[in-house]
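K.L.:
First the structure, then my questions, so here it is.
The values are calculated or read from the model by the stated rules, or taken from the named source; none is laboratory data. A quick note: this is a predicted structure, and the numbers were derived from the prediction, not measured. As a convention, Cβ positions derive from the backbone with ideal geometry for all residues, glycine included, and neighbour counts pool all protein chains shown.
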Amino acid sequence: MLRSWADGQKTTYRRVNCHVLLGLGMGAGLSASEVIDVQARHVHIDDDGVLIEVSGIRARVVPVLTEWEPVLAQIASAAIRPDLYLFRPTREKTHKNLIGNFVDKTSPGRVRANTQRMRSTWIVTQLTAGTPPKVLVEAAGVDSLEALTRFLRFVPDVDPAQARRALRDAYRHEDPLP
């Protein structure tokens, strides 16, 4: 539904910015303030994919989900200067309502992009995929695993037989305790 919102914009500028917003929110789990601060120089592309370098108090490097790599790589590569922002690159100033105002202008119907929900979706996607907790805590830029527990109710239940195998085989590749 959000991709349709992005694809349905009337101008290329709006379409690109909608896709950048989705890529940084759904693909890298960035908060609104982090989305606003990402510049072309913060996007790193290598043989293993796309990384977003997040600056500020929660500085970290976040690998982008595969499905969102093309849009972010393309936009960052096309930037004429490394200090251009990825989201709304022609802006002259930054303010806390930058994303909200943009979404208001681009969402005439029921679809309303929300960076908190995008970040939550990214976290649930990672939890569902079995991303190791320490890796997820670091990539999400949170202080502890407790910050992620509120998302567990959205993670699908695991088949009981699969859960038993996972718990039973946890030490399969390590030396057993003496």
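K.L.:
So which of VAL61, VAL38 is surrounded by 20 or more Cβ atoms within 10 Å (Cβ to Cβ) and under 16 Å from the mean Cα position of the chain (by Cα)?
P.N.:
Working: VAL61 fails: surrounded by 20 or more Cβ atoms within 10 Å (Cβ to Cβ).
Answer to the check: VAL38.
Listed here are the residues, each with its yes/no results for (1) of a type in the set (S, T, N, Q); (2) at pLDDT 95 or above; (3) surrounded by 13 or more Cβ atoms within 10 Å (Cβ to Cβ).
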{"site": "ALA78", "(1), (2), (3)": "no, no, no"}
{"site": "ASP83", "(1), (2), (3)": "no, no, no"}
{"site": "GLU92", "(1), (2), (3)": "no, no, no"}
{"site": "ILE99", "(1), (2), (3)": "no, no, yes"}
{"site": "ALA139", "(1), (2), (3)": "no, yes, yes"}
{"site": "LEU152", "(1), (2), (3)": "no, no, no"}
{"site": "ASP157", "(1), (2), (3)": "no, no, no"}
{"site": "TYR171", "(1), (2), (3)": "no, no, no"}
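K.L.:
Let me ask you something else. I need every pair where a residue in the range 135-152 that is over 21 Å from ARG117 (Cβ atoms) has its Cβ under 6 Å from the Cβ of a residue that is β-branched (Val, Ile, Thr) and at pLDDT 95 or above, sequence separation at least 6 or different chains.
P.N.:
Close Cβ pairs (under 6 Å, with a partner that is β-branched (Val, Ile, Thr) and at pLDDT 95 or above) amount to LEU145/VAL137.
K.L.:
Here's another thing I want to ask about it. Can you list the strands (runs of 3 or more DSSP E) lying wholly within the range 28-108 that have 3 or more residues being closer than 20 Å to SER120 by Cα? If you could, list the steps in order and put the result at the bottom.
P.N.:
Details: elements: 43-46, 49-54, 60-63.
Passing ranges, in order: 49-54, 60-63.
K.L.:
Can you confirm whether SER4 is in a helix (DSSP H, G or I), among the hydroxyl-bearing types (Ser, Thr, Tyr) and touching a helix residue (DSSP H, G or I) at 6+ places or on another chain (Cβ under 9 Å)? Outline the logic, then answer.
P.N.:
Details: in a helix (DSSP H, G or I): yes; among the hydroxyl-bearing types (Ser, Thr, Tyr): yes; touching a helix residue (DSSP H, G or I) at 6+ places or on another chain (Cβ under 9 Å): no.
No.
K.L.:
If you go through the range 109-136 one residue at a time, how many are part of a loop (DSSP other than H, G, I, E, B), closer than 15 Å to VAL62 by Cα and either hydrophobic (A, V, I, L, M, F, W, C) or under 15 Å from the mean Cα position of the chain (by Cα) (or both)?
P.N.:
So the first thing to find is which residues in the range 109-136 are part of a loop (DSSP other than H, G, I, E, B), and the list is 109-114, 130-132.
Retained after the next criterion (residues that are closer than 15 Å to VAL62 by Cα): 131-132.
When the remaining residues are screened for being either hydrophobic (A, V, I, L, M, F, W, C) or under 15 Å from the mean Cα position of the chain (by Cα) (or both), the result is 131.
Going through the range 109-136 one residue at a time, the tally reaches 1.
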